[in-house]
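Visitor: Below you'll find the structure I mean.
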Amino acid sequence: MQDLLDFARMERGDLKLVLEPVDVSVVARRVIDRLEPVWSSHVIDRQLGPDAIVIADVAALERIVTNLVSNAVKFSPAGSAVRVAVDREGDDVRLLVDDRGPGVPADERDRIFVRFFRGGGEAVVRTSGVGIGLAVVKDFVTQMGGSIEVTDNPEGGARFTVRLPQESVVEQEEAEGAATS
């Protein structure tokens, strides 16, 4: 339901993000702590590194984590682990969500973030959804200056990777922009 509301607000241009320094690990931990009882049929493997500060909207970041982990749980067999990792990679903070489901076919990876696209395959047919959640995630990530991609989880399943610029990088770019104005 929240995805549909966000989608409608995005379409109207009414959804404005409030950007501030946020620790992605703290947000991920809070979301997992709150929703772990709902996801009790799976093990949530947390690998949340320190100092993962980005300039982001807290509510949007919570939605990103919620949607990605919910999808991972939905498409993974009961009893399997879903890994949520946060680390720093170069100038970015990286959020990884690995599932143990069927994965996303290579020819659907670009379209999976398009509104109302659900993909094919038996796993998609057996699950509910309208194809809004990942589109909302991509919109939020893009508005915060980041990127998202889906690849194969090396252990089987799908890996969703969100990259957001570290706070220090954003501040440096802003300072350089102000100096050239």
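Visitor: Going by the conditions given, is Pro50 more than 15 Å from the chain's Cα centre (by Cα), closer than 18 Å to Arg100 by Cα and not aromatic (Phe, Trp, Tyr)?
Guide: It is false that Pro50 is more than 15 Å from the chain's Cα centre (by Cα), closer than 18 Å to Arg100 by Cα and not aromatic (Phe, Trp, Tyr).
Visitor: I need the strands (runs of 3 or more DSSP E) fully contained in region 1-92, keeping only those with at least 1 residues that are over 23 Å from Gly156 (Cα atoms) and at pLDDT 90 or above.
Guide: Per the criteria, 20-23, 53-56, 81-89.
Visitor: Regarding region 38-55, can at least one residue be identified that is among the acidic types (Asp, Glu) and under 21 Å from Gly133 (Cβ atoms)?
Guide: no
Visitor: Report whether or not Val65 is without any contact (Cβ under 8 Å) to a residue 60 or more places away in the chain and open to solvent by less than 10 Å² (accessible area, probe 1.4 Å).
Guide: The answer is yes for Val65.
The values are calculated or read from the model by the stated rules, or taken from the named source; none is laboratory data. Source: prediction; values computed, not measured. Because the Cβ atoms are built from the backbone with ideal geometry, glycine has one as well, and the counts that use them run over all protein chains shown. Remember, those area values only see protein heavy atoms, side chains included, never the ligands or the DNA or RNA. Shrake-Rupley method; radii C 1.70, N 1.55, O 1.52, S 1.80 Å.
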